[in-house]
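Below is one structure; the comments refer to it alone.
The values are calculated or read from the model by the stated rules, or taken from the named source; none is laboratory data. Source: prediction; values computed, not measured. Cβ atoms come from the backbone with ideal geometry, glycine included; neighbour counts cover every protein chain shown. When the accessible area is computed, the model is the full protein with side chains, heavy atoms only, and any ligands, DNA or RNA have been set aside. Shrake-Rupley method; radii C 1.70, N 1.55, O 1.52, S 1.80 Å.
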Amino acid sequence: MGQWSPRNDRLDRSGPDDWFGDGIVEFDELIRPERWASLFRGTTIAGLLFGIVGPYGSFLARPTSRLFYWTMLFWAGTLILWPAVVGGLRIGMRRGFPPWFTGAVAVLLASIPLAGVAAAGCYLFWPVHASGIRPIEWYIQTVVIAMPAATIALWYETGRPQLPQMASGLGLSSRRDTMRAAPSTRSRSLPSHLVEAALCLQMEDHHVRVHTVGRSFMHLVPLRQVAEELGPDRGLQVHRSWWVARAAVRDWEEADRSIILTLTNGMRVPVARNRVAVLRACGWLDRPRSAE
């Protein structure tokens, strides 16, 4: 299968068994220093705010110990929650679970060791206060803070770039109205959140790779089946191995007596010769082509 875009060379080379990078966040983005710097900047601010407010009875302690305790606790939460949530989302995507479910499960599980850290820190600073709190109370208090904190962090770090309306850097901002006006079609074979974000689908053996803005996800389902479920209003199967969402097409050009579509994320998708007439009839090629 040809590689139609250098930018997606890594995605095109990965096979069906290469599940590790097919999650919400790629591994290189997870360990990127800028990612961790952004997370620790946000959690430091949150820790200082909690230290000033002093929730769960900590307001009775000295301000310096409150600030230190809550800041260190939020730092520990970053080191525990972020890898857990990202790993959970990867596994969930592979299994077909919605992100909210796997993310919530990951937070609930990661809150167990985080509650232990919170209890140990409290015993270190305020042993009398800590001795009156039962283990289940530590866990509940941790979940109450960890769940919204993880949700905000995930939205801020990974959710916003995936929204087509906010992806101006990838050329989607000018298509906001087009995206919103697209028919709300659903597929029984793919999760609805992937269908809405899909720019194109690429067949790989018996799998379909769903390309979204800067990400790709693999699912075990025939491409033809998904294309039939989505219908012609949402997009068309332009090649035996490719389905493209109409709103994702930015331009097209002729190359060697064939047509190549350029998508809003920079991908270049080939059009089979027997599909050119269909695209013309549907108005896909009405716009002036790009210069050769």
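Restricting attention to the range 262-277, does a residue exist that is open to solvent by 40 Å² or more (accessible area, probe 1.4 Å), part of a strand (DSSP E or B) and either touching a helix residue (DSSP H, G or I) at 6+ places or on another chain (Cβ under 6 Å) or over 27 Å from R90 (Cβ atoms) (or both)?
Kept after step one, since they are open to solvent by 40 Å² or more (accessible area, probe 1.4 Å), are these residues of the range 262-277: 268, 273-275, 277.
Next cut, part of a strand (DSSP E or B) only: 268.
Those left that are additionally either touching a helix residue (DSSP H, G or I) at 6+ places or on another chain (Cβ under 6 Å) or over 27 Å from R90 (Cβ atoms) (or both): 268.
Scanning the range 262-277 turns up at least one residue that is open to solvent by 40 Å² or more (accessible area, probe 1.4 Å), part of a strand (DSSP E or B) and either touching a helix residue (DSSP H, G or I) at 6+ places or on another chain (Cβ under 6 Å) or over 27 Å from R90 (Cβ atoms) (or both).
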Scan of the range 222-253 for residues that are over 20 Å from G283 (Cα atoms), open to solvent by less than 10 Å² (accessible area, probe 1.4 Å) and not polar (S, T, N, Q), ordered by number: L223, V226
statement: For the range 47-58, pairs from a residue that is under 20 Å from E137 (Cα atoms) to a residue that is exposed (fewer than 15 other Cβ atoms within 10 Å of the Cβ), with Cβ under 6 Å and 6 or more apart or across chains, are none
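Which of the residues that make up the range 130-159 are within 28 Å of the chain's Cα centre (by Cα) and aliphatic (A, V, I, L, M)?
Within the range 130-159, the subset within 28 Å of the chain's Cα centre (by Cα) is 139-159.
Selection gives I140, V143, V144, I145, A146, M147, A149, A150, I152, A153, L154.
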